[in-house]
1. Based on alpha-carbon centroids, what's the gap between the stretch 248-277 and the stretch 139-217 in Å, whole number please?
2. Taking every DSSP beta bridge with both residues inside the chain, roughly what % is antiparallel (nearest 5)?
3. By the scheme Lys and Arg +1, Asp and Glu -1, what is the net charge of all other residues having a beta-carbon under 11 Å from that of residue 52?
4. What ranking, highest mean first, results for peptides 169-181, 38-50 when packing means the other Cβ atoms within 10 Å averaged over each residue?
5. Which whole-number percentage describes the relative contact order of the chain, with Cα contacts under 8 Å and a sequence gap of 6 or more?
6. Hey, can you rank 214-226, 235-247 by average C-beta count inside 10 Å, highest first?
7. Which net charge results when you count Lys and Arg as +1 and Asp and Glu as -1 among the other residues whose beta-carbon is under 15 Å from that of residue 105?
8. Using the Karplus curve 6.51 cos²θ - 1.76 cosθ + 1.60 with θ = phi - 60°, what ³J(HN,Hα) values do you get for each residue of the stretch 163-179, in whole Hz, with x for Gly and Pro?
Amino acid sequence: MASAFRSPTRLIFVFGVMVLCSVSPVRSWSKEGHILTCRIAQKLLEAGPAHAVENLLPDYAKGDLSALCVWPDQIRHWYKYRWTSPLHFIDTPDHACSYEYSRDCHDQHGLKDMCVDGAIQNFTSQLQHYGEGTSDRRYNMTEALLFLSHFMGDIHQPMHVGFTSDEGGNTIDLRWYRHKSNLHHVWDREIILTALKEYYDKDLDLLQEDLEKNITNGLWHDDLSSWTECNDLIACPHKYASESIQLACKYGYEGVKSGETLSEDYFDTRMPIVMKRIVQGGVRLAMILNRVFSDTHADVAAT
Ligand SMILES: *[C@@H]1O[C@H](CO)[C@@H](O)[C@H](O)[C@H]1NC(C)=O
Ligand SMILES: *[C@@H]1O[C@H](CO)[C@@H](O)[C@H](O)[C@H]1NC(C)=O
Ligand SMILES: *[C@@H]1O[C@H](CO)[C@@H](O)[C@H](O)[C@H]1NC(C)=O
């Protein structure tokens, strides 16, 4: 991966891909959303798991998980990683406002498990082999960590578990204040950018501090234990996806018509939902990483 980013030809290729992406619907929390989720998660890791994460990160990340949490978006159109493209979202039946794994978790050709819920299960169980050491070379544990971290963000973005025919709001074109956008993108990025501009002087660190304050002693303090409740790591992502489609119906799609302009009213009422989902993604990612690496003691992981 290090070499992929350092090689100039690859870089040109990456930029080419990014240009192509900008004309086709993109489905993912923005860079900002993923960075926040991953920073929140990394700070909540216990010592052993924190070392395991540091060991899995390539050197150039300098121990910062959030630096690579957008990696799955950067590679999803590369030939080698095309199989990951359906893993960023779930399409549910229009207006059903519900999610069922057996009905909905598949790609557009009907291949089972190929959705964000299946992917989280997949990479969680791959990471559970980490403690067995380097003898298990079936999986690339670095990639498993980056995919899990990214998809835990995506599954919490309500419009990533949206309706099938509008591609999670991607085909609902509208205006965000004065510029063109679409409903999916409003939830991926516009609300976060507007919040940064209005309240945080465009400084992501300040927003992060505010979110963390609300976790430790504010708004969300009493919710933490219910958010991280999970008897079966493999089944819990079902719940996160169900929450998302319910929020998508209640707040995302609600009252929105294609072609209209969304501004203050929509921003004021939806921003708290976006912030809560970013935080939930982070807190739950930490819960999963603390558990899959729970047998990894700091001293063992460091060797
Ligand atoms: C694991 O994946 C990363 C990212 O794609 C890559 O840089 C690294 O070389 C891989 N490691 C192994 C052992 O294949
Ligand atoms: C699980 O990961 C492997 C690669 O490690 C991949 O071949 C497979 O398609 C993945 N399945 C899902 C559902 O993510
Ligand atoms: C933190 O909580 C306060 C008080 O409830 C709220 O006004 C603020 O918007 C919250 N911050 C974020 C980033 O959600």
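Bear in mind these aren't lab numbers, they're just calculated from the coordinates by the rules spelled out. Small disclaimer: the values here were computed from a predicted structure and weren't measured. Here the Cβ positions follow ideal geometry from the backbone for every residue, glycine too, while neighbour counts run over all protein chains shown.
1. Cα centres, the stretch 248-277 to the stretch 139-217: 13 Å.
2. Restricted to the chain, the bridges split so that about 50 percent are antiparallel.
3. Details: positive: none; negative: 46, 54, 295.
Local net charge: -3.
4. Highest mean packing first, the order is 38-50, 169-181.
5. Values: 429 pairs, mean separation 88.7, N = 303.
Reported as a whole number, the value is 29 percent.
6. Top of the packing list down: 235-247, 214-226.
7. Spelling it out: positives minus negatives among the neighbours equals -4.
8. 7, 6, 6, 9, 6, x, x, 4, 9, 8, 6, 7, 10, 10, 6, 9, 10
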